[in-house]
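The block underneath contains the structure these notes are about, expressed in structure tokens.
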């Protein structure tokens, strides 16, 4: 049975270059789990574990229907309640929403059934907070960061300089896609897509 691979089905979504560029993406179906606090703290790590447990359970459901797929890369939206940049506040003030892309055919009824099965088998209290989300991505500026997550700021500075130079308006939360597995990849080789939703004028459109 051939597996659907979202990175091949939607190649542009999982690609970026070291040079900032504009892109546009359609609405995506995600599993999501939100929280706040330092990403190095246990709640964030538990959230990743929980979301992957949900994603692999959905995968098994689709596999049983002969519609198997490869579980995609982890994504996250980042923001602060104060509206300040993440680098301007303590990491404990960061808010995040973890995302894993799912087939567009996934329904809330299907997800509820899957989550109930997993909760009966595993002690993962955060499973009850996993949601089905239709994420509107739209127009965005993006860039590829290579290196530790803690060293993203110079890459972000280039991205926001690109946005400012084109007089674009930022419209949504900072979006990251983690192309590398940090457990198997040296920090200096980690690849992360940094994405910022923007509003285009008629001139840019």
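Find the residue count for the stretch 1-13, including only residues that are surrounded by fewer than 18 Cβ atoms within 10 Å (Cβ to Cβ) and under 25 Å from residue 169 (Cα atoms).
Final tally of qualifying residues: 1.
Taking the options 200, 159, name whichever one is surrounded by 13 or more Cβ atoms within 10 Å (Cβ to Cβ), in contact with a strand residue (DSSP E or B) (Cβ under 9 Å, 6 or more places away or on another chain) and modelled with pLDDT under 95.
200
Can you tell me which residue among 117, 121 is exposed (fewer than 12 other Cβ atoms within 10 Å of the Cβ), more than 14 Å from residue 20 (Cβ to Cβ), in the same structural domain as residue 54 (by TED's automatic domain parsing) and out of contact with any helix residue (DSSP H, G or I) (no Cβ under 6 Å at 6 or more places or on another chain)?
It is 121.
Taking the residues in the stretch 44-57 that are over 21 Å from residue 105 (Cβ atoms) and in contact (Cβ under 8 Å) with a residue 40 or more places away in the chain as candidates, determine which candidate is surrounded by the fewest Cβ atoms within 10 Å (Cβ to Cβ).
49
If you scan the stretch 162-171, which residues turn out to be surrounded by fewer than 13 Cβ atoms within 10 Å (Cβ to Cβ) and out of contact with any strand residue (DSSP E or B) (no Cβ under 7 Å at 6 or more places or on another chain)?
Listed by number, the residues that qualify are 164, 165, 167.
Within the stretch 60-85, take every residue that is more than 18 Å from residue 5 (Cβ to Cβ) and crowded, with 19+ Cβ neighbours inside 10 Å and give me the one that is nearest to the chain's Cα centre (by Cα).
Filtering the stretch 60-85 for residues that are more than 18 Å from residue 5 (Cβ to Cβ) and crowded, with 19+ Cβ neighbours inside 10 Å, the one nearest to the chain's Cα centre (by Cα) comes out as 76.
The values are calculated or read from the model by the stated rules, or taken from the named source; none is laboratory data. Please read these numbers as outputs of a predicted model, since none were measured by experiment. Backbone-built Cβ (ideal geometry, glycine too); neighbour counts: all protein chains shown.
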